[in-house]
1. Name, by its number, the condition in (1) of a type outside the set (A, V, I, L, M); (2) in a loop (DSSP other than H, G, I, E, B); (3) surrounded by 11 or more Cβ atoms within 10 Å (Cβ to Cβ); (4) modelled with pLDDT under 80 that does not hold for PRO44.
2. Restricting to segment 85-143, and then to whatever is among the β-branched types (Val, Ile, Thr) and under 14 Å from LEU52 (Cα atoms), can you tell me which residue is modelled with the lowest pLDDT?
3. For MET119, which of the numbered conditions (1) aliphatic (A, V, I, L, M); (2) without any contact (Cβ under 8 Å) to a residue 60 or more places away in the chain; (3) closer than 19 Å to GLU146 by Cβ fails to hold?
4. Would you check if LYS87 is under 13 Å from the mean Cα position of the chain (by Cα) and more than 23 Å from LEU141 (Cβ to Cβ)?
5. When you go through (1) in contact with an Asp or Glu (Cβ under 8 Å, 6 or more places away or on another chain); (2) farther than 23 Å from PHE145 by Cα one by one for GLY81, which number turns out not to apply?
6. Within segment 72-85, how many residues are more than 11 Å from PRO24 (Cβ to Cβ) and touching a Ser or Thr at 6+ places or on another chain (Cβ under 9 Å)?
7. I need the full set of residues from segment 58-69 which are closer than 15 Å to HIS128 by Cα and assigned to a loop (DSSP other than H, G, I, E, B), in order please.
8. Considering segment 54-92 alone, what residues qualify as being small (Gly, Ala, Ser), surrounded by 21 or more Cβ atoms within 10 Å (Cβ to Cβ) and out of contact with any His (no Cβ under 7 Å at 6 or more places or on another chain)?
Amino acid sequence: MKKMLKTGAFLLLLLFLLVQLYRPALNIKQGQAGSAGFVQFYRPPLAVGNILANSCYDCHSNNTNYKWYQYIQPVQVFTQGHINSGKEVLNFNEWNNYPNRKQKRLLQSIKKQIESKKMPLNSYTLLHRNARLNELQVKTLINWFENQISLN
């Protein structure tokens, strides 16, 4: 029985080590700021830019600030899946490439997601506590997005 447990533990360790060889491409583009397109387009106040950078850009830009544990499988695969999904919906770096109509729709969607507290995701803020939005940050973002929506 002990021999089976040792063999099973060894096989699990071996499997874990082999899985580490799989490395999906990281979401890091050299020389590209976290939100260049969006920030250049709107020039938001520093407070708004900082909140977005801290709570949104890891999944919604071309540059993710990876934590040490995000390099370990299967966490890396899970993380990369979230990033890819997030960028499909909204990529702040690609803002200038979106048609005006999509930009307006995204502004409204971002505001709605923040208001309903659907973003940032709970699964993200669980490990990134500094990405959680307090009431003042939520209010700051909502007011700024409402202003941008009314200007468009």
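The values are calculated or read from the model by the stated rules, or taken from the named source; none is laboratory data. Everything numeric in this text was worked out from a predicted model, so none of it was measured. Reconstructed Cβ throughout: ideal geometry from the backbone, glycine too, with neighbour counts over all protein chains shown.
1. Single failed check for PRO44: (4).
2. Here the residue is THR125.
3. The failed condition is (2).
4. Details: under 13 Å from the mean Cα position of the chain (by Cα): yes; more than 23 Å from LEU141 (Cβ to Cβ): no.
Considered against the rule, which asks whether it is under 13 Å from the mean Cα position of the chain (by Cα) and more than 23 Å from LEU141 (Cβ to Cβ), LYS87 comes out as no.
5. (1)
6. 1
7. THR64, ASN65, TYR66, LYS67
8. SER55, SER61
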